[in-house]
Amino acid sequence: MEHWKRTIERANRCFMLGELIDAREAYLQALALAQVLFERWPDADEAVAACVISHHNLADLHLRLNQPEESAEYLCAIHQRLLQTMQDPRLAPALREAAMRQSSKTYIELLNFISEHGEYPRTHRLLHIEATAPAAQHHGVH
């Protein structure tokens, strides 16, 4: 977790300084760490939050680079990952519950993105799939 935090902090510094290529590299490193450690982190909420933050930081970076479709890909990827995590019976209940809690945030981020930047093929597919899912699979409903 400490290595992930240091990597995110380094990426954020680069982002704030306008060093976007260096920021992107560090954000990608942080994402890789978060993904590798996703099921191994002792604290499920931290594991999910690290993955969400890593994806959302990359989405923000791509917006700054005027690449909204890339941004949409990162927002969709994390939302989809959380939906899959929530439904995966082989995963620890704490991780599945943490994914459910965070999925409302990733859903709101997606909706905000679409309202500001329009829909892209992946956002349309993801939200269409979610709209047709049974109510029990939606955010906050058990």
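The values are calculated or read from the model by the stated rules, or taken from the named source; none is laboratory data. Just so it is clear, the model here is predicted, and its values are computed rather than measured. In this analysis, Cβ positions are derived from the backbone assuming ideal geometry, glycine residues included, and neighbour counts consider all displayed protein chains.
May I ask you to list the residues in segment 41-93 that are basic (Lys, Arg), crowded, with 18+ Cβ neighbours inside 10 Å and more than 13 Å from the chain's Cα centre (by Cα)?
Within segment 41-93, none qualify.
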* Identify, please: which residue in segment 101-142 is more than 20 Å from Ala47 (Cα to Cα) and acidic (Asp, Glu) and is, among those, modelled with the lowest pLDDT? -> Glu130
* To do: Kindly list, by first and then second residue, each pair from a residue in segment 16-31 that is under 14 Å from Leu63 (Cα atoms) to a residue that is at pLDDT 95 or above and aromatic (Phe, Trp, Tyr), limited to pairs with Cβ atoms under 7 Å and residues at least 6 apart or on different chains.
  => Ala23/Phe15
